[in-house]
1. Would it be correct to say that residue B:18 is open to solvent by less than 10 Å² (accessible area, probe 1.4 Å), over 15 Å from residue A:207 (Cα atoms) and either in contact (Cβ under 8 Å) with a residue 60 or more places away in the chain or more than 14 Å from ligand 1 (Cβ to nearest atom) (or both)?
2. Considering only residues that are surrounded by fewer than 24 Cβ atoms within 10 Å (Cβ to Cβ) and not aliphatic (A, V, I, L, M), which ones fall in segment B:111-121?
3. Out of A:235, A:230, report the one residue that is open to solvent by less than 60 Å² (accessible area, probe 1.4 Å) and either on the phi > 0 side of the Ramachandran plot or among the acidic types (Asp, Glu) (or both).
4. I need the full set of residues from segment B:77-88 which are buried (at least 24 other Cβ atoms within 10 Å of the Cβ) and on the phi < 0 side of the Ramachandran plot, in order please.
5. Would you confirm whether any residue within segment B:145-156 is open to solvent by less than 20 Å² (accessible area, probe 1.4 Å), within 14 Å of the chain's Cα centre (by Cα) and either within 12 Å of ligand 1 (Cβ to nearest atom) or more than 8 Å from every other protein chain (Cβ to nearest Cβ) (or both)?
6. What about residue B:174, is it more than 16 Å from ligand 3 (Cβ to nearest atom), open to solvent by less than 10 Å² (accessible area, probe 1.4 Å) and modelled with pLDDT of 95 or more?
7. Filtering segment A:130-175 down to residues that are open to solvent by 20 Å² or more (accessible area, probe 1.4 Å) and acidic (Asp, Glu), which residue is farthest from residue A:101 (Cα to Cα)?
Amino acid sequence: MAKELWKGNEAFAEAAIRAGLQAYFGYPITPQTEALEYMSSRMPELGRVFLQAESELGAINMVYGAACTGVRTMTSTSSPGTSLMMEGLSYIAATELPMVLVDVVRGGPGLGTISPSQGDYNQMVHGGGHGDYYPIVMAPAGVQETVDIVYGMFDLAEKYRSIGVVMLDGSIGQMIEPAEMPPMLEVRKDIPEWAVRGGSGKDKRILTSINLDPAEMEKMNLRLLKRWKEVEKNEVRFAEYYMDDAKIAIIGNGTAGRIALSAVRAARAAGIPVGLLRPISLSPFPVKAVQEVAAQVDNILVVEMNAGMMLEDVLKVVQGKTSVEFYGRIGGVMPYPEEILAEIQRIAANPSPINGHPRDLWIERIEPVINR
Amino acid sequence: MVALDIKDMEVVYQHPDSLANVSTHYCPGCTHGIAHRLVAEVIDEMGLAEHTIGVASVGCSAFSYNYFDFDFVQAPHGRAPAMATGVKRCKPDRIVFTYQGDGDMISIGAGEIIAAAGRGENITVIFMNNANYGMTGGQMAPTTLPGMKTTSSPNGRDVEQTGYPILASELLATQEGASFIARRSLHDPKNIRMAKKAIRMAFETQVRGLGFSMVELLSTCPTNWHMTPANAAKWMEEKMIPYFPIGDYKVHPALSELKV
Ligand SMILES: Cc1ncc(C[n+]2csc(CCOP(=O)(O)OP(=O)(O)O)c2C)c(N)n1
Ligand code: SF4
Ligand SMILES: [Mg+2]
């Protein structure tokens, strides 16, 4: 199929439909709403389930019910809606059901702004819901990558009976880019063994997240953890650019990574040996790739559209083996490539290890910029 | 000593197939058990056991899935109508019902139940109103009567501070999408028989695809009311029914001819 122009939100909706999505439930929220609107016409047209829920609480619990019947199901929302879904996500994880969530992240905290942000990193990657559970979280950096990741996420969710999250910032939801749609898969006819179907006696199935016996809950927790270990082994994804001879590495995901790539290209043109590591799977985190980068370069610059959430994960992996700095824009502001280029030039001019926490040093640099 | 030969006797009353042959964790004299039995009898009589998916809620009935002998899922507190919606939309040829307490349905889950009724969601709700939060030890619920003592209204519910009981049946009956709404009480055999008929009507509503149906069952919680089961039944008749009148609050015209 040829490339066409697609708006990010509509593109991921169509990609999910082509992956055999059977039931979509959602609630309007900017900058994600086009996905809900797209689903409202496309899903019924194909004889599939679409329902606008009363709230994100309603939407995630409709997904919960749908997932219990074994269908491919999903919802999409943006940050305040994601917060409301945390209860349901924890329950769904505990019931070991596959589902897909697309979170089109906007600036927070609170009602915040409708501008792009990566402020949901912690609540998605480190679990905003209660208990030990482990969603797969992927962060695309453009419309085509969003399409590809959403298309494949249903298989992953089913393989690991896990929650699959695709986290994009609002700019990817809103931008229009050429993208090639994957082929339309047939809707699955069979249903998984564990799904409820209306059976009784010996054929009765129960799907629940409660077990008052802590010993049994401990076993269940261990099962989830061991399944997660498999995900960590098999599903790490990242992209590297100009890393071969790099002495400075930028680590940034999604749109922050993409903007950083422009800065890397400009710096390379000026002869600075800088490269980019762009984690695509945020959970599982590309630990080995970051370790290798840390062993290779003298300086790492983490770039994010938050106050350094992924930074903490990078610091944990690097363990002081190389100097790590941070640059972020917060609350819905996006960095310009020039800002990141200036950071690269600053580090190239003075590559000696920093003295202090990267966040503290960044605050000193960014405060005058923010208050300008 | 006379040997009784039961071989030739006719069975007139037995364990419903849809009720699993296990003992429950309900307190002695609690009406949750009666309601379970009524639902199971109706499911059996309508031949629905192979076609039904129940949605348990959070409250004393959280484990109701162990007591019914057909497929069940278990919802977060208050979210059963939304979860049931997801199940029903994906399995429209199945009978889907929720079983919810008053705290679950009309406090934390008030949004979900009103939305489901408004949508005319083709599900059935069994609503167990025992005027308190049984499972957590008898705190005040939206249905707690004025002046009623609970562990979180130790001097009796003060309407100046905490307002008045929510009348769920009256409220939901105003929704166009609701097709059958009735309130019954489980305090004596006559009323229990009436309750069963209402439950039957509610499931008939769903089978006919007429939309949302709910039966509110006034229920006892002898443990947290600090009463014997008999006194609890009497208290319910004398104190609860005047506040929560039993009756049919909404009957879809297509049901009016139906005799159950
Ligand atoms: C989100 C959440 N809040 C609170 C609780 C604690 N909780 C468990 S059962 C319950 C009350 C249930 O009362 P009701 O629905 O009236 O059922 P009953 O036990 O009286 O049958 C509460 C508050 C919970 N499980 N989840
Ligand atoms: S606490 Fe009350 S509602 Fe719960 S089982 Fe006991 S009597 Fe029934
Ligand atoms: Mg109660």
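The values are calculated or read from the model by the stated rules, or taken from the named source; none is laboratory data. What you see is a predicted model, and the numbers here were worked out from it, not measured in a lab. As a convention, Cβ positions derive from the backbone with ideal geometry for all residues, glycine included, and neighbour counts pool all protein chains shown. Calculation scope for accessible area: heavy atoms of the full protein, side chains included, ligands and nucleic acids excluded. Shrake-Rupley method; radii C 1.70, N 1.55, O 1.52, S 1.80 Å.
1. Values: open to solvent by less than 10 Å² (accessible area, probe 1.4 Å): yes; over 15 Å from residue A:207 (Cα atoms): yes; either in contact (Cβ under 8 Å) with a residue 60 or more places away in the chain or more than 14 Å from ligand 1 (Cβ to nearest atom) (or both): yes.
Yes, satisfied.
2. Just the residues of segment B:111-121 that are surrounded by fewer than 24 Cβ atoms within 10 Å (Cβ to Cβ), to begin with: B:111, B:114-115, B:118-120.
If the condition is that a residue be surrounded by fewer than 24 Cβ atoms within 10 Å (Cβ to Cβ) and not aliphatic (A, V, I, L, M), then B:111, B:118, B:119, B:120 are the ones that fit.
3. Values: A:230 fails: open to solvent by less than 60 Å² (accessible area, probe 1.4 Å).
Every option except A:235 fails the conditions.
4. Let us first name the residues in segment B:77-88 that are buried (at least 24 other Cβ atoms within 10 Å of the Cβ), namely B:78-88.
The answer is B:79, B:80, B:81, B:82, B:83, B:84, B:85, B:86, B:87, B:88.
5. There is no residue in segment B:145-156 that is open to solvent by less than 20 Å² (accessible area, probe 1.4 Å), within 14 Å of the chain's Cα centre (by Cα) and either within 12 Å of ligand 1 (Cβ to nearest atom) or more than 8 Å from every other protein chain (Cβ to nearest Cβ) (or both).
6. On the way: more than 16 Å from ligand 3 (Cβ to nearest atom): yes; open to solvent by less than 10 Å² (accessible area, probe 1.4 Å): no; modelled with pLDDT of 95 or more: yes.
No, not satisfied.
7. For segment A:130-175, the residue satisfying everything is A:132.
For (1) touching a strand residue (DSSP E or B) at 6+ places or on another chain (Cβ under 6 Å); (2) open to solvent by 10 Å² or more (accessible area, probe 1.4 Å); (3) without any contact (Cβ under 8 Å) to a residue 40 or more places away in the chain; (4) part of a loop (DSSP other than H, G, I, E, B), each residue gets a yes or a no:
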residue	(1), (2), (3), (4)
A:285	no, yes, no, yes
A:289	yes, no, no, no
A:295	no, yes, yes, no
A:312	no, yes, yes, no
A:330	no, yes, no, yes
